Structure formats: C-alpha cells, structure tokens
Ligand SMILES: [Zn+2]
C-alpha cells in the first residue's frame, strides 16, 4: 500500500489519505465524542485463499475536530468468520507541523467467536502499515497493552466499528 496523507488547507481542514481515490464522507456528527471520515477502499486478493480482500481507510477525529488517527480495516469477503479482520492504526500527531516521528503504528486483530467478537492488540511489525512513510514507530503488542495508548486504541476501534458503514460485513459477522 502506498499511503500518503496531505494536510488540508484549513487549520482544522481534513487530511486526505491518498492511495486510491475515494469518496470523502464525514460520518460522525459534531458533538459525538469521536468522528470518523471514510476514505478509500482498496481491493486485493487474500494471500491464503485467493478470496477478494478489502482494505477500507479513513480518519478519526477527536471532539475538537483534530485528527487523531488514520486507519485501515482489512478483511476478506465472506470469510470474516474464519479469517477475522484487522484494524491497522496510525496514531499520534497530525497536522501541518507534525512528522512521522510523532506517529505510531498499532494493529488490532478481530476474531469472531460464538460468544461474540474479540479485539486483541497484536504486533504491528508484520502489518503493511509498518511500511508506511507516515509511521515513525511500529509498536509491538507488548508496547501497547496495559498502557493509556491501549485505551485510546480501543476507543478509536470502537468509533470505527460504530460509524464506518463499509465494514458492515465484519460488524454483522460479530452480531
Ligand atoms: Zn484467505
């Protein structure tokens, strides 16, 4: 994935994650604790089974309208039950003066079990997001679990889960 983020013109203008041209749509509403912005969808083939995989990218904003994370949700159509899904995040500082040194890659694996979905922080080192030029630090599971960052990561994942309509197949698999 060749992913780039371009700062918007306004001080709080949107950041555009480029890679595949996509439709920008603000999904969360003002006043929500967290807002998300859906960006592009990238299609590929699953390495294990040749199924059609999708990666939906977007941005998460805090309640002040400042971007807090870019995200990439990866799953294979019709195989969420067996493959689960991955949430790859780039968290940290955004905006025009920020650099990759202030941003970290974190990965969260979703597994679907009969009793419901489980969310587990995993090593981001093996994920495509580790190669992104936007990332200064690639975090292992051990660097994230039981830290304040873990709470922030789950808050971000929760917002994506609730608001990104493109990942409905994953959410419905967990229902
Ligand atoms: Zn597969």
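The values are calculated or read from the model by the stated rules, or taken from the named source; none is laboratory data. Only a predicted model underlies this, so the values are computations on that prediction, with no experimental measurement involved. Neighbour counts are summed over all protein chains in view; Cβ atoms, including those assigned to glycine, are modelled from backbone coordinates with ideal geometry.
A few comments on the model shown:
- Evaluated against (1) touching a strand residue (DSSP E or B) at 6+ places or on another chain (Cβ under 9 Å); (2) modelled with pLDDT under 95, residue 90 falls short on exactly one condition, (2).
- Residue within the stretch 79-90 that is without any contact (Cβ under 8 Å) to a residue 60 or more places away in the chain and away from the ligand (no atom under 16 Å from the Cβ) present: yes
- Single unsatisfied condition, residue 109 versus (1) at pLDDT 95 or above; (2) assigned to a strand (DSSP E or B); (3) touching a helix residue (DSSP H, G or I) at 6+ places or on another chain (Cβ under 9 Å); (4) within 16 Å of the ligand (Cβ to nearest atom): (3)
- Residue tally, condition exposed (fewer than 14 other Cβ atoms within 10 Å of the Cβ) and within 25 Å of residue 54 (Cβ to Cβ), over the stretch 119-153: 5
- Selection status of residue 101, in contact (Cβ under 8 Å) with a residue 24 or more places away in the chain, loosely packed, with under 13 Cβ neighbours inside 10 Å and out of contact with any strand residue (DSSP E or B) (no Cβ under 6 Å at 6 or more places or on another chain): yes
Yes/no per residue for (1) surrounded by 15 or more Cβ atoms within 10 Å (Cβ to Cβ); (2) within 16 Å of the ligand (Cβ to nearest atom); (3) free of Cβ contacts under 8 Å to residues at least 60 places away in the same chain:
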{"site": "35", "(1), (2), (3)": "yes, no, no"}
{"site": "41", "(1), (2), (3)": "yes, no, no"}
{"site": "47", "(1), (2), (3)": "no, yes, yes"}
{"site": "53", "(1), (2), (3)": "yes, yes, yes"}
{"site": "57", "(1), (2), (3)": "yes, no, yes"}
{"site": "63", "(1), (2), (3)": "no, no, yes"}
{"site": "66", "(1), (2), (3)": "no, no, yes"}
{"site": "70", "(1), (2), (3)": "yes, no, no"}
{"site": "75", "(1), (2), (3)": "yes, yes, no"}
